[in-house]
Ligand SMILES: NC(=O)c1ccc[n+]([C@@H]2O[C@H](COP(=O)([O-])OP(=O)(O)OC[C@H]3O[C@@H](n4cnc5c(N)ncnc54)[C@H](OP(=O)(O)O)[C@@H]3O)[C@@H](O)[C@H]2O)c1
């Protein structure tokens, strides 16, 4: 599909993020060919990665090989809690840019609110780290800056402690996990809501309700989940390492879910979280 067919969402930074991107998780592996295919055949222009996924060098190579111009691309990467703190955050961003082979990032996210800097409270550590992101933004190295997995109280604290309100918050979002209070908070505060795990890591695809709706529309369960997410205005980043699935996941702009079906999918919400972190992240 043409890039022009993927709508964008305005951020308070003044930049526009494509509503649909390609996830690049380390779990399940990385496929160079699939990323190349996404860029050259599917019109994908938004890539979501992280230092933690360990693939920034390979993503950089694929971008280079694809021939897609830097200015046509939206590149998000994330700062791991082990690199929090002012100096570390600045260095870590520059290292990510180097690995990706770029001189600026479209979006740089603090990966988790869990923060540990010796002698500081978690709140102070987050604020100090965020100040580094504000400076990277000011210098144009990060065109937009944001956070991931932040809850309302983390965002409230950041608002009190810092100057720039995060441009985006990326959080788990799928039919079994629809954190509406957080979505509403973000919208009230001009923070774009980004959703990860839109397919519930594949678990939503076997649900009878999703399968029934998919059958009614002549679409696949993955397309229904992605359409539901984007139709809710959520920046959505399904991940696949398979070319045919990436193609399928991009074909979500040629149909519309009726309100009744949107509500039916939303009613599956059971606050089920798939991403659990049980160890101190800063040690990882
Ligand atoms: N900020 C954070 O803390 C955070 C946390 C988790 C994820 N993320 C981001 O969100 C992205 C997506 O999340 P995710 O990978 O955890 O979950 P997901 O996108 O909900 O699901 C990915 C799983 O679904 C399979 N799949 C993809 N398309 C399919 C299709 N059309 N039909 C059937 N199966 C399909 C994939 O397998 P194959 O690869 O084999 O196709 C993979 O096992 C990640 O890549 C990452 O960029 C961010």
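Observations on the structure shown:
- Being buried (at least 21 other Cβ atoms within 10 Å of the Cβ), in contact (Cβ under 8 Å) with a residue 24 or more places away in the chain, under 22 Å from residue 254 (Cβ atoms) and more than 16 Å from the chain's Cα centre (by Cα) is a property that residue 38 has.
- Residues of the range 168-177 satisfying the condition of being more than 8 Å from the ligand (Cβ to nearest atom) and either surrounded by 23 or more Cβ atoms within 10 Å (Cβ to Cβ) or within 21 Å of residue 78 (Cβ to Cβ) (or both): 168, 169, 173, 175, 177
- Within the range 150-175, being touching a residue at least 40 places away in the same chain (Cβ under 8 Å), assigned to a loop (DSSP other than H, G, I, E, B) and closer than 17 Å to residue 235 by Cα holds for 150, 167, 173, 175.
- Among residues of the range 53-78 being more than 21 Å from residue 28 (Cα to Cα) and within 16 Å of the ligand (Cβ to nearest atom), the one that is farthest from the chain's Cα centre (by Cα) is 73.
- If you filter the range 31-52 down to residues that are over 16 Å from residue 79 (Cα atoms) and out of contact with any helix residue (DSSP H, G or I) (no Cβ under 6 Å at 6 or more places or on another chain), you find that the one that is nearest to the ligand (Cβ to nearest atom) is 31.
- From the list 85, 67, 101, 28, the lone residue that is within 26 Å of residue 171 (Cβ to Cβ) and surrounded by fewer than 15 Cβ atoms within 10 Å (Cβ to Cβ) is 28.
- Qualifying residue in the range 254-275 (condition: touching a residue at least 12 places away in the same chain (Cβ under 8 Å), surrounded by 15 or more Cβ atoms within 10 Å (Cβ to Cβ) and within 21 Å of residue 8 (Cβ to Cβ)): yes
- Of the residues making up the range 179-212, those that are assigned to a loop (DSSP other than H, G, I, E, B) and either near the ligand (Cβ under 8 Å from one of its atoms) or touching a helix residue (DSSP H, G or I) at 6+ places or on another chain (Cβ under 6 Å) (or both) number 3.
- Filtering 226, 230, 237 for residues that are near the ligand (Cβ under 10 Å from one of its atoms) and out of contact with any helix residue (DSSP H, G or I) (no Cβ under 8 Å at 6 or more places or on another chain) leaves a single hit, 237.
- Number of the exception - residue 9 against (1) surrounded by 16 or more Cβ atoms within 10 Å (Cβ to Cβ); (2) more than 15 Å from the ligand (Cβ to nearest atom); (3) over 17 Å from the mean Cα position of the chain (by Cα): (3)
- Residue check for residue 216: surrounded by fewer than 21 Cβ atoms within 10 Å (Cβ to Cβ), under 18 Å from the mean Cα position of the chain (by Cα) and over 25 Å from residue 24 (Cα atoms): no
- Selected residue (criterion: farthest from the ligand (Cβ to nearest atom)) from residues of the range 97-137 that are in a helix (DSSP H, G or I) and without any contact (Cβ under 8 Å) to a residue 40 or more places away in the chain: 124
Quick note: the coordinates plus some simple rules give every number you see, no bench work behind them. Please read all numbers here as calculations on a predicted model, not as lab measurements. FYI the Cβ positions are ideal-geometry reconstructions off the backbone, even for glycines, and counts take in every protein chain you see.
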